[in-house]
1. Any number yet on Rg/Rh for the stretch 28-109, C-alpha, Kirkwood?
2. Near residue 94, within a Cβ-to-Cβ distance under 13 Å, what is the net charge of the other residues, with Lys and Arg +1 and Asp and Glu -1?
3. Based on the Cβ-Cβ distance of residue 32 and residue 90, what FRET efficiency does E = 1/(1 + (r/R0)^6) give at R0 = 30 Å, to the nearest 0.05?
4. List the chymotrypsin sites (Phe, Trp or Tyr not before Pro) within the stretch 27-67 that DSSP assigns to loop and that have no more than 10 neighbouring Cβ atoms inside 10 Å.
5. Work out the charge dipole of the stretch 28-109 with +1 on the Cβ of Lys and Arg and -1 on the Cβ of Asp and Glu about the Cα centre, then indicate which of 37, 79, 97 is farthest towards its positive end.
6. Please order 33, 72 by the number of other Cβ within 10 Å, starting at the fewest.
7. Identify all lysines with a Cα-Cα distance to residue 105 below 27 Å; exclude those on the same chain that are fewer than 8 residues away in sequence.
8. Determine the gain in length on full extension of the stretch residue 104-residue 80; use 0.36 nm per residue of separation and subtract their C-alpha separation, reporting nm with one decimal.
Amino acid sequence: MKNFIRIMMTGLGLLLLVSTAAAQNKESELSTVYIKSNMDCMDCELTLTNYLKFEKGLKSLKVDLVSNTIKVVYKSEKNSPENIANGIKKKGYEATLISEDEYKKLFGNAPKK
């Protein structure tokens with residue numbers, strides 16, 4: 001009986017440890033990258049949106065033609081700002097990394113669609 005209780009307690013402890021580790025993985029580090037681009041039409045916006053939505057680790061995406069900005073939230077262990085910018089460049093667009101403050105100025109000052 002003592003062995004059974006010991007095995008059950010050990011199993012319960014391992015289960016608790018594994019579930020805690022899994023929860024931490026789900027809450028993995030998210031990063032945000034802000035990019036200034038050179039889109040000039042709705043097709044450009046659509047092209048970049050369709051391309052970027054398949055980036056590794058993508059959590060959210062905002063491509064805005066009016067302000068020529070792109071905001072990408074991604075899992076930092078799956079991707080990097082440089083990889084995302086390089087992907088945009090491969091599609092033939094400029095991709096200049098900017099700060100959150102610059103993004104807010106550009107996005108906030110853009111006329112509404």
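1. Rg divided by Rh gives 0.93.
2. +3
3. 0.90
4. Passing both the DSSP loop test and the Cβ count: 54.
5. The Cα lying farthest towards the positive end belongs to 79.
6. Numbers: 33 22, 72 25.
With the sparsest Cβ surroundings first, the list reads 33, 72.
7. Here the lysines satisfying the reach criterion relative to residue 105 are 36, 53, 59, 62, 71, 75, 89, 90, 91, 113.
8. Values: separation 24, 0.36 × 24 = 8.64 nm, distance 2.09 nm.
Residue separation times 0.36 nm, minus the Cα-Cα distance, leaves 6.5 nm.
We did not get these values from a lab; they are worked out from the coordinates using the rules stated. Since the model is a prediction, treat every value here as computed from it, not as a measurement. Neighbour counts are summed over all protein chains in view; Cβ atoms, including those assigned to glycine, are modelled from backbone coordinates with ideal geometry.
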